[in-house]
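Notes follow the structure.
Where a number appears in this text, it was derived from the coordinates with a stated rule and is not lab data. Note that the structure is predicted; figures quoted are calculated from it, not measured. Counting neighbours? That spans all protein chains shown, and the Cβs are built from the backbone with ideal geometry, glycine included.
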Amino acid sequence: MNRKTLIAALAIAAGVAGINPIVQAAESPQKTVQPGVNNSRELVIGDRAPDIYQRSEKALANWQAKGLKAPKDQAQWVQINDKYMMVMITNGTIVDITPVER
């Protein structure tokens, strides 16, 4: 491959790589929570949250100030990564997921 062809190919590859983050940023937020320190998989509604999020010390006391609806009976709002999750205290089932507003 000659030098001009190599430079052109590298320029095209760099251009395509530069467009990719812009396309990803335009996607709408998903009702999932990505794996993190306390969970090793993606969490969705109906999944069981890690046990630590069933504890009362993890509950968001100021859920109203954050614009969240009232938790169901036997449920509490917790924050996992960049999402608020309503988790059933009794069994850890995730019943709602809301993105954190920044």
What residues qualify as long-range amide H neighbours of Ala49, i.e. H under 5 Å apart, gap of 5 or more or another chain, H built at 1.01 Å from N? Thr93, Ile94
Residues Asn81 and Ser56, FRET efficiency given R0 of 22 Å [Cβ-Cβ distance, rounded to 0.05]: 0.60
Using mean Cβ contacts within 10 Å as the protection proxy, how do 86-97, 48-59 order, highest first? 86-97, 48-59
In sequence order, calculated HN-Hα J values of segment 87-98 (Karplus, 6.51, -1.76, 1.60; Hz; x Gly/Pro): 10, 6, 5, 5, 9, x, 5, 7, 10, 7, 9, 10
